[in-house]
Amino acid sequence: MSVITITEVVIPASLDAPDADEFLACVELRNIVNRFDSGTDDNHFTAAELLPGWQKTSFEPKRLFAARLDGRLVGRGIFETRTDEAADTAWMHVEVLPDARGKGVGEALARHLEAVALDEGRTRAIVYAPSWKTGGIRIPAPTGFGSVPAGTPEVRLLQSMGYRLEQVERGSRLTLPSPGLPELLQAAQQAAGPDYRVHTWSGATPPEWREDIAHLLTRMSTDAPTAGLEEPEDPWTVERLLEDEALEASSPRTPVIAAVEHVPTGRLVGFTELTVPAESDRPAAQEDTIVLREHRGHRLGMLLKAANLVWLEQVSPGHPSVITYNAEENRHMLAVNEALGFVPFVYEGAWRKDLVAAS
């Protein structure tokens, strides 16, 4: 009978530290799983790119667990939490090598992560599970937007453990260069009018915009649609922004940002961020995009995204594509993406479970 063991992985201070080997092996496992399931390397990240995110312990605590089958590393589990208002929630993720599936490893990792959550006093678990299969019988999201395949291993496991589907996310890819981009940008500029001005930068946030960017990042957690997940507010401060940027400065990826200022008030009311790998033959990743609710209706979403794609071509040309994820019910942002040329390549279910300790 095979033996499954689960241990916590040390997050190293650097990739050449004596205790970095297991972390490096878990990153390799991550990329193998993503490549097998998606048929593409678009979601490939290097250990150097991922390590800064794991070192953000002050505001975004994370724990990494390795699963071994008869001593061989075959899976990993991610446990992520927040502080303050979001302290009741845990975000969890499980990945298992293709040749080790169907042997109980995924369930063992999932139950271990739930036990960690309960031990830390978390009462809500959220899981984003990619579902690569297309066609066949589908399970619709209760939002009325999107669906996931019924009967696949990840869906069966989540349902058997009491998780309920709340939302579907769409992963989309934009092939670069994007045709018609100058025309889209010009039309968005005209619609926005003189009250809105775009600023662009790469790297750390300019000092004069730090407070506004912190406010916009906080609003990302309250303004974006989260359906029945009821994702908690995730407060950002200038202190947190500076710590985040200091850690990310060690990554080989570069942030490329466009932000829009409301000229009458002098405040930023929206921004969008790409993170760009050093290698020009790899895709850029679309990260946060937000326009404050009170400033919507001026085509600022299109203005930001189009301006940032133009800025990307100036500061880091030649990337083949951009990858992004959006909630299926976020029709406004999806309409912007579709107009730019993004096409879907994967869907993932967002699942929730309210955790209760065994009596």
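The values are calculated or read from the model by the stated rules, or taken from the named source; none is laboratory data. Predicted model only: the values in this text are computed from it and were never measured. No Cβ is skipped: glycine too gets one built from the backbone with ideal geometry, and neighbour counts run over all protein chains shown. Ligands, DNA and RNA are excluded from the accessible area calculation, which covers all protein heavy atoms including side chains. Shrake-Rupley method; radii C 1.70, N 1.55, O 1.52, S 1.80 Å.
Some points to look at:
- Scaled against 2.2 N^0.38 Å for its residue count N, the alpha carbon radius of gyration of the range 128-274 is 1.34.
- Accessible-area ranking of K62, K103, largest first, probe 1.4 Å: K103, K62
- Crossing angle, helix 181-192 versus the chain [Cα axis fit, 0-90 degrees, rounded to tens]: 70 degrees
- Here the range 37-130 was treated as a single set of alpha-carbon atoms; its pair distances binned every 10 Å from 0 give 14, 42, 35, 8, 0 percent.
- Ligands, DNA and RNA aside, F342 has an accessible area near 10 Å² when probed at 1.4 Å.
- The slack in the chain from E338 to R197, taken as 0.36 nm per residue of separation less the alpha-carbon distance, amounts to 48.4 nm.
- Where only C-alpha atoms are counted, convex hull volume of the chain per residue in Å³: 143 Å³
- Helix 105-119 and the longest principal axis of the C-alpha atoms of the chain enclose an angle of approximately 80°.
- Which of P264, A87, W132, positive extreme of dipole for the chain (C-beta unit charges): W132
- Karplus-derived 3J(HN,Hα), 6.51/-1.76/1.60, for each residue of the range 76-83, Hz, glycine and proline x: 9, x, 10, 10, 10, 9, 10, 10
- Solvent exposure of the chain, expressed per residue, is 44 Å² of accessible area, with all protein chains present and a 1.4 angstrom probe.
- Distances between every pair of Cα atoms in the range 260-310, grouped in 5 Å steps from 0 to the bin holding the largest one, split as 4, 19, 26, 21, 13, 8, 6, 3, 0 percent.
- Once the Cβ-Cβ distance of R35 and L157 is raised to the sixth power relative to R0 = 22 Å, the FRET efficiency obtained is 0.55.
- The chain: angle of helix 300-315 to the longest principal axis, Cα-based, in degrees nearest 10: 90 degrees
- For the chain, the relative contact order works out to 21 percent when only alpha carbon pairs closer than 8 Å and six or more residues apart are counted.
- Cut-off 18 Å (backbone N to label point 7 Å along Cα→Cβ of Q186), residues of the range 327-352: 340
- Percentage relative contact order, the range 254-319, counting C-alpha pairs under 8 Å, at least six apart: 34 percent
- Gain on full extension, evaluated as 0.36 nm per residue between T83 and D19 minus their Cα-Cα distance, stands at 20.3 nm.
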